[in-house]
Amino acid sequence: MKIYSRLAWFAGLAGLLLSAASAVSAADGNSALTAPPPGFSALFNGRDLTGWWGVSTEDPRKWSALPPEEFAKKHAASLVDIAQHWRVENGELVNDGKGLFLTSEKQFRDYELRLEYRTVAQADSGIYLKGCPQVQIWDFTKEGGKWKLGADKGSGGLWNNRAGTPGKDPLVLADKPFGEWNDVRVIQCGSRTWVWLNSKLVVDGAILENYFDKTRKLPIPPAGPIQLQTHGGEIRWRNVFVRELNAAEANQQLRGADPQGFAPIFNGRDFTGWAGPVENYDVVEGAICCKPAKGGTIYTKEEYGDFVARLEFKLPPAGNNGLAIRYPGSGDTAYVGLCELQVLDDTAAKYGKLDVRQFHGSAYGMVAAHRGYLRPVGEWNYQEVTVKGSTIKVELNGTVILDCDLSTVTEYLAGKAHPGKTRTSGSFGFAGHNDPVMFRQIAIKRL
C-alpha cells in the first residue's frame, strides 16, 4: 500500500518540473478539450503534464516495492525523459514515438476510462491498465506490415493475453482511417476488462492476464496506474477522463444483466430450502447474516455436483466465515466436505500469522489464494465459485484468486487430512464462526 502515499508525495514535484518542460498552447483558444462527462474527472488537464510521470514496460509490483530513496531517483529521472519526448499542444498530449510511457500518478482499482487518440501509419501503441499491457493500438492496414501478428483484426484487443484466450483479438474491426480521432472506452473491474473502440464492443469482460508472470497464475495488481504507451511513430491523445466505480457499480458490471441459467437459492426473506442451525442466523435487509457469537454450517437441502455459484458478501472487521462446498450435512465442512472456501477479513492484525492456506478464498488448509483483492471492510464483495470435478476456481471482484485441483493436494495444514475432498456432490452452505458476516444475491447454475 505504500505506493499510494509515495506517488501522492511526488505528484507536486512532477507538476512543477513538467509544467516548465511542456510546450503549452491551449491558451490560444484552439484547445481540442471538451468537458468531462458527468461523474468523470480529467486525468489530463489540457495544459501540462501535472499528475504524470514515466515508466516503461515494467512490473508495477517491483517498482512500487522499491525503497523510498530508490523510487525517488527513478521518479525524478523519468520526468527528464518525459520532458524530452512528450509535449502538450492545443490541448493534446503529443509523443514523438520514443521514450518512457506517460504514467498516471494516481492508482485505480475499479473504473471507467475514456480517451481519444490519433496516430500515424506503422505506429504501434497501447494503453496499459493498472500498469500492465495492454489495450492494443496499431496500424491495422496491410501496408503496416503486422498482419501476421494480428493487426488485420484491428485495435482494442488485449494483445498480450495468450493466444486463443478471450480478449486477445478484438471482436470486430473498429479502427478509423489514419488522420481521424479514435474514441476508446474501457471498464475494468479487477482483472475483468471491457473495451469499446469507436462505440463498438471489442473486448467483452475478458480477463487481462498478467504479462509480467509468464505462468499467468499471478493476477494483475488490485490497483495501478493508467499508462499511455507509444513506440514507432507519433501519437496524440486528448480528452482523457476517468470515473472510479463504487462497489455496487462494479458488482453489477461483473454480475451482468443476464442470469444465464442461474437460479436463486435464497429467497431474501427466510430459510426456506435450507437446513442446519438456521436459528443461529438472521435475515437482515435481504441478506443472510450470522448472529454474533453464533455459528455452525447452514446448507441447502438440494445437493450439487458441478456448479457455478454467485454471491455477494460483506465482512465486519476481522470477520470470519466460509463457503461449504459439497457438504454432507454434518461435521466440519473444511474436512468432510469437498472443502471450505475461506471467507475472512485477512487484513485484520489478529490474522497476520495465519498459514497462507487460511486467508480469504483459500481451500482451507489445502491451497492458498492470492491476497489483496478484497474490498475495504464494510463494502459488498462479489464472488464466483466454479466447481468441476476436483477443480475449484474462485473469482473475487473480477480477479481469479484461486484455480486449483484438489486431487493433487498431498500436504495439509497441521498435517490434518481432508477425506471429503473426493466427494462428487453435496450441499452448498455457509460455515459461520461467531461473526456477523452477511451474504446476499446467492444463485447457482448447475453444470
### Task
Would you be able to tell me the number of residues in the stretch 221-252 that are in contact with a Cys (Cβ under 9 Å, 6 or more places away or on another chain) and of a type in the set (Gly, Ala, Ser)?
2
### Summary
For the stretch 229-248 the number of residues that are part of a loop (DSSP other than H, G, I, E, B) and touching a strand residue (DSSP E or B) at 6+ places or on another chain (Cβ under 7 Å) is 4
### Any chance Ala174 is in contact with a strand residue (DSSP E or B) (Cβ under 7 Å, 6 or more places away or on another chain), over 28 Å from Phe108 (Cα atoms) and not basic (Lys, Arg)
no
### Where a residue in the stretch 253-274 is without any contact (Cβ under 8 Å) to a residue 60 or more places away in the chain and its partner, wherever it lies, is part of a loop (DSSP other than H, G, I, E, B) and of a type in the set (Val, Ile, Thr), with Cβ under 8 Å and at least six apart
Gly273/Ile265
### Query
Among Ala369, Ala431, Ala414, which is the only one that is crowded, with 16+ Cβ neighbours inside 10 Å and without any contact (Cβ under 8 Å) to a residue 60 or more places away in the chain?
Ala369
### Task
Could you tell me which of the residues Lys217, Lys130 is outside the structural domain of Val400 (by TED's automatic domain parsing) and either at pLDDT below 95 or out of contact with any helix residue (DSSP H, G or I) (no Cβ under 9 Å at 6 or more places or on another chain) (or both)?
Lys217
### Task
Tell me which residues, restricted to the stretch 282-303, are aliphatic (A, V, I, L, M), surrounded by fewer than 18 Cβ atoms within 10 Å (Cβ to Cβ) and assigned to a strand (DSSP E or B).
Val283, Val284
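Tally time: how many residues in the stretch 383-411 are out of contact with any Phe, Trp or Tyr (no Cβ under 6 Å at 6 or more places or on another chain), surrounded by 14 or more Cβ atoms within 10 Å (Cβ to Cβ) and farther than 21 Å from Leu218 by Cβ?
Residues meeting the conditions: 1.
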### Query
Which one of Gly54, Gly97 is at pLDDT below 95, assigned by TED's automatic domain parsing to the domain that holds Tyr117 and within 20 Å of Leu129 (Cα to Cα)?
Gly97
### Subset of the stretch 167-183 that is within 28 Å of the chain's Cα centre (by Cα) and small (Gly, Ala, Ser) - its residue that is nearest to Glu116 (Cα to Cα)
Ala174
### Message
Kindly evaluate Tyr335 against the criterion of being in contact with a Leu (Cβ under 6 Å, 6 or more places away or on another chain), aromatic (Phe, Trp, Tyr) and either in a loop (DSSP other than H, G, I, E, B) or not assigned by TED's automatic domain parsing to the domain that holds Arg192 (or both).
### Response
no
### Matching strands (runs of 3 or more DSSP E) fully within the stretch 138-228 where at least 1 residues are at positive phi
200-207
### Task
Provide a single number: the residues in the stretch 276-306 that are farther than 22 Å from Ser425 by Cα and small (Gly, Ala, Ser).
4
### Query
What do you reckon, is Glu116 of a type in the set (D, E, K, R), in contact with an Asp or Glu (Cβ under 9 Å, 6 or more places away or on another chain), surrounded by 21 or more Cβ atoms within 10 Å (Cβ to Cβ) and in contact (Cβ under 8 Å) with a residue 40 or more places away in the chain?
no
### Message
Going residue by residue through the stretch 102-110, is there one that turns out to be free of Cβ contacts under 8 Å to residues at least 24 places away in the same chain and charged (D, E, K, R)?
### Response
no
### Query
How many residues does the stretch 340-352 hold that are surrounded by fewer than 17 Cβ atoms within 10 Å (Cβ to Cβ) and either at pLDDT below 95 or closer than 27 Å to Ser330 by Cβ (or both)?
1
### Query
Could you give every pair whose Cβ atoms fall below 6 Å, whose first residue belongs to the stretch 300-312 and is more than 25 Å from Val284 (Cβ to Cβ) and assigned by TED's automatic domain parsing to the domain that holds Ile442, and whose second residue is surrounded by fewer than 20 Cβ atoms within 10 Å (Cβ to Cβ) and among the hydrophobic types (A, V, I, L, M, F, W, C), counting only separations of at least 6 or pairs across chains?
Asp306/Leu447; Phe307/Leu447
### Task
Tell me, please, whether a residue that is in a strand (DSSP E or B), more than 16 Å from Phe430 (Cβ to Cβ) and modelled with pLDDT of 95 or more can be found in the stretch 307-328.
yes
### Task
Starting from residues that are outside any loop (DSSP other than H, G, I, E, B) and among the polar types (S, T, N, Q), keep the ones in the stretch 383-426 and report whichever is nearest to Gln441 (Cα to Cα).
Gln383
### Query
When you look at Leu149, is it in contact with a strand residue (DSSP E or B) (Cβ under 7 Å, 6 or more places away or on another chain) and either over 18 Å from Ile235 (Cα atoms) or surrounded by 20 or more Cβ atoms within 10 Å (Cβ to Cβ) (or both), yes or no?
no
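The values are calculated or read from the model by the stated rules, or taken from the named source; none is laboratory data. These figures come from a predicted structure and were not determined experimentally. So basically every Cβ, Gly included, is an ideal-geometry build from the backbone, and we count neighbours across all protein chains shown.
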